Amino acid sequence: MSSIVLRFLAEPNTVNFGGKVHGGTVMKWIDEAGYACATSWSKRYCVTVSVGSIRFHHPIMIGDLVEVEAKLAFTGRTSMNIAVEVRSGDMKSGQMVKTTECLIVFVSVDSHGRPMTVQGWNPETPGDIALAQRAKAYLDAARAAEAAGG
């Protein structure tokens, strides 16, 4: 499976001091959806390696319907790059807005924590091809910055 959508209601126990869903809670949801997508693709246990380019666009209100969509964007030899988009909105109006987005990298591992090869993913639709290109460009830039020392 190359994508997954988790849906649930934002509960009062997720509130921050500003009265909205805490950013850390949103990041937890992102990690859970990414894990489900990566594990479904690799058919093995996966670990989070990095979360990059996270962007919070709008707050999530208590009682909102929340959708966390994780979609395979690019695969390496042992890694899976997952694009995650979080949307939320009032169920009565049916309006959903993008609240958060990021790219998260998972690696498939064996029972000893050693990286395992994953099946390659080939994007087919124009949207998937564009997503793969953005993910690869982000990874290349991150690697170049790391090689340059920061």
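Values for this structure:
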quantity	calculated
Pick from the range 104-150, criterion within 17 Å of the chain's Cα centre (by Cα) and polar (S, T, N, Q), ranking: least open to solvent (accessible area, probe 1.4 Å)	S108
Output for the range 76-91, where each listed residue is in a strand (DSSP E or B), out of contact with any Gly (no Cβ under 6 Å at 6 or more places or on another chain) and free of Cβ contacts under 8 Å to residues at least 60 places away in the same chain	S79, M80, N81, A83, E85, R87, G89
Near pairs, Cβ below 6 angstrom, 6+ apart or cross-chain, from the range 1-18 (closer than 24 Å to T39 by Cβ) to any residue that is part of a strand (DSSP E or B) and open to solvent by 50 Å² or more (accessible area, probe 1.4 Å)	S3/K71
L65 out of contact with any Pro (no Cβ under 8 Å at 6 or more places or on another chain) and either under 16 Å from S2 (Cβ atoms) or among the basic types (K, R) (or both)	no
Checking E101 against (1) within 12 Å of the chain's Cα centre (by Cα); (2) open to solvent by less than 50 Å² (accessible area, probe 1.4 Å), the condition it does not meet	(2)
Residue in the range 103-118 that is touching a Lys or Arg at 6+ places or on another chain (Cβ under 9 Å), over 20 Å from A36 (Cβ atoms) and among the hydroxyl-bearing types (S, T, Y) present	yes
Residues satisfying the stated conditions in the range 1-23, i.e. in a loop (DSSP other than H, G, I, E, B) and exposed (fewer than 15 other Cβ atoms within 10 Å of the Cβ)	M1, E11, N16, F17, G18, G19
Condition broken by K43, with the remaining ones in (1) at pLDDT 95 or above; (2) at negative phi satisfied	(2)
Matching residues, the range 110-150, being free of Cβ contacts under 8 Å to residues at least 40 places away in the same chain, of a type in the set (A, V, I, L, M, F, W, C) and in a loop (DSSP other than H, G, I, E, B)	A148
Residue under evaluation G94, criteria (1) under 25 Å from P126 (Cβ atoms); (2) open to solvent by 40 Å² or more (accessible area, probe 1.4 Å); (3) small (G, A, S), criterion not met	(1)
Lone qualifier among A36, A73 - being open to solvent by less than 20 Å² (accessible area, probe 1.4 Å) and either free of Cβ contacts under 8 Å to residues at least 40 places away in the same chain or outside any helix (DSSP H, G or I) (or both)	A73
Which numbered condition V68 misses (of (1) surrounded by 22 or more Cβ atoms within 10 Å (Cβ to Cβ); (2) without any contact (Cβ under 8 Å) to a residue 40 or more places away in the chain)	(2)
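The values are calculated or read from the model by the stated rules, or taken from the named source; none is laboratory data. Nothing here was measured: the structure is a model prediction, and the numbers come from that model. Glycine gets a Cβ as well: all are built from the backbone with ideal geometry, and neighbour counts include every protein chain shown. Side chains are part of the model used for accessible areas, which takes the heavy atoms of the whole protein and leaves out ligands, DNA and RNA. Shrake-Rupley method; radii C 1.70, N 1.55, O 1.52, S 1.80 Å.
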